[in-house]
Amino acid sequence: MSYIGRFAPSPSGLLHFGSLVAALGSYFQAKAMQGKWLVRIEDLDPPREMPGAASAILATLEQYGLYWDGEVAYQSQRHHLYQSQIDEWLKSGQAYYCQCSRKQIKASGGYYLGACRALGLTNAQNCSVRLRMDNPVESFEDLKRGKIEIPHALAHEDFIIKRRDGLFAYNLAVVIDDIDQGITEIVRGADLIEPTGRQISLYKTLNQTPVRYLHLPLAVDSSGNKFSKQNHATAIDNHNPKPAIMKAMIFLGFDLPKDFSDCTIEQMVAWGCKHWCLSQLPDEINIIP
Ligand code: GLU
């Protein structure tokens, strides 16, 4: 089977160092396998979007020599796919409406215990939609980290696939898209280890073979915070990409040649594809001073 990888940024802000690491890692892994590398804009949550971020992200990828295969996919154009899957599950009883508030769930210990499972609620208004958890996943294999255990309560929770506010949940959209786009391996940041079990359970519920996963080390700043849009991580420089790309490659474990900064961006990326190997990836979270 041929390799299809992807990079799936949310346009809630511009690309920062952490997202560059994920973009490069997924690109190198795909190209080292002579595979395709797709880009999907995860514009699922309009209130959290930054106007212009989607096109700025794509422009940045090009500046960094990361050219995607095929058309860019936008989750905002794929609502019909998510909704029709939810409708099918509501009909079959695999999913159900839930009226519990976050406060109520917190009060009952933090995990949702299925209070609305048997209520047969039919009114979508002010309700979320939850998936009946018939395929709990308590562990999975990560290509670099080996077996990752998922806490029992988390694995068994009927999780939300459509929010009360009408937005589709990330886990549902990401799995439907990864299946639809034929993704064979997911390479992304370690901050997404936690939802992976739920995503694998969705593959199982959809009778699909789960993909392979590789979670890259997370870039954190000197105070231990991950680089994220929520933490207002600084955007990487579009006009002078060499310093950030070299820093990200060192972060990914490459031993760069002495004259590397004389290369063009395209040469740097090509060198990275050629020399990429998983064993060079650091195990621990690296601190970026
Ligand atoms: N859109 C997610 C993010 O920007 C990544 C999703 C994924 O790689 O599965 O954090």
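Against the test of being within 14 Å of the ligand (Cβ to nearest atom) and open to solvent by 50 Å² or more (accessible area, probe 1.4 Å), the options 204, 226, 242, 247 yield a single qualifying residue, 226. Remark: pairs (first residue in the range 204-215, part of a strand (DSSP E or B) and at pLDDT 95 or above; second residue of a type in the set (Gly, Ala, Ser) and open to solvent by less than 40 Å² (accessible area, probe 1.4 Å); Cβ separation under 6 Å; 6+ apart in sequence or on different chains) = 215/190. Sub-7 Å Cβ pairs linking a first residue in the range 144-171 that is more than 30 Å from residue 125 (Cα to Cα) to a second residue that is among the aromatic types (Phe, Trp, Tyr) and part of a strand (DSSP E or B), at least 6 apart or interchain, are 148/140, ordered by first then second residue. Hey, does the range 79-102 have a residue that's open to solvent by less than 70 Å² (accessible area, probe 1.4 Å), in a loop (DSSP other than H, G, I, E, B) and over 23 Å from residue 208 (Cα atoms)? Taking every residue of the range 79-102 in turn, at least one turns out to be open to solvent by less than 70 Å² (accessible area, probe 1.4 Å), in a loop (DSSP other than H, G, I, E, B) and over 23 Å from residue 208 (Cα atoms).
Checking 186, 150 one by one, the residue that is within 21 Å of residue 5 (Cβ to Cβ) and crowded, with 21+ Cβ neighbours inside 10 Å is 186 and no other. Tell me, yes or no, whether the range 170-190 has at least one residue that is at pLDDT below 95 and of a type outside the set (S, T, N, Q). Checking the range 170-190: at least one residue is at pLDDT below 95 and of a type outside the set (S, T, N, Q). Within 12 Å of the ligand (Cβ to nearest atom), out of contact with any Leu (no Cβ under 6 Å at 6 or more places or on another chain) and either farther than 17 Å from residue 25 by Cα or part of a loop (DSSP other than H, G, I, E, B) (or both): does that describe residue 237? Criteria not met by residue 237.
Of all the listed residues (24, 15), the sole one being touching a Ser or Thr at 6+ places or on another chain (Cβ under 6 Å), within 27 Å of residue 268 (Cα to Cα) and open to solvent by less than 20 Å² (accessible area, probe 1.4 Å) is 15. Residues of the range 2-48 that are within 12 Å of the ligand (Cβ to nearest atom) and in a strand (DSSP E or B): 5, 6, 7, 16, 38, 39, 40, 41. Among the candidates 206, 192, which residue alone is of a type outside the set (Gly, Ala, Ser) and under 19 Å from residue 25 (Cα atoms)? The match here is 192.
Here are some residues: 52, 70. Which one is away from the ligand (no atom under 16 Å from the Cβ) and in contact with a Leu (Cβ under 7 Å, 6 or more places away or on another chain)?
On the way: 52 fails: in contact with a Leu (Cβ under 7 Å, 6 or more places away or on another chain).
Every option except 70 fails the conditions.
The residues listed here are 71, 62; of these, the one that is charged (D, E, K, R), part of a helix (DSSP H, G or I) and surrounded by fewer than 18 Cβ atoms within 10 Å (Cβ to Cβ) is 62.
Residues in the range 189-198 that are under 16 Å from residue 6 (Cα atoms) and within 8 Å of the ligand (Cβ to nearest atom) were compared, and the one that is most open to solvent (accessible area, probe 1.4 Å) is 192. Residues in the range 161-190 that are more than 24 Å from residue 35 (Cβ to Cβ), in a strand (DSSP E or B) and under 17 Å from the mean Cα position of the chain (by Cα): 161, 168.
Can you name every residue in the range 32-48 that is within 23 Å of residue 183 (Cβ to Cβ), open to solvent by 50 Å² or more (accessible area, probe 1.4 Å) and of a type outside the set (A, V, I, L, M)?
Of the range 32-48, the ones within 23 Å of residue 183 (Cβ to Cβ) are 32-45.
Adding the requirement that they be open to solvent by 50 Å² or more (accessible area, probe 1.4 Å) leaves 33-34, 36.
Selection gives 34, 36.
Selection of the range 121-147 for residues being outside any strand (DSSP E or B), open to solvent by less than 60 Å² (accessible area, probe 1.4 Å) and touching a strand residue (DSSP E or B) at 6+ places or on another chain (Cβ under 9 Å) yields 121, 124, 127, 144.
The values are calculated or read from the model by the stated rules, or taken from the named source; none is laboratory data. For clarity, every value in this text was computed on a predicted model and none was experimentally measured. So basically every Cβ, Gly included, is an ideal-geometry build from the backbone, and we count neighbours across all protein chains shown. For the accessible areas, the whole protein counts, side chains as well, though only heavy atoms, and no ligand, DNA or RNA atoms are used. Shrake-Rupley method; radii C 1.70, N 1.55, O 1.52, S 1.80 Å.
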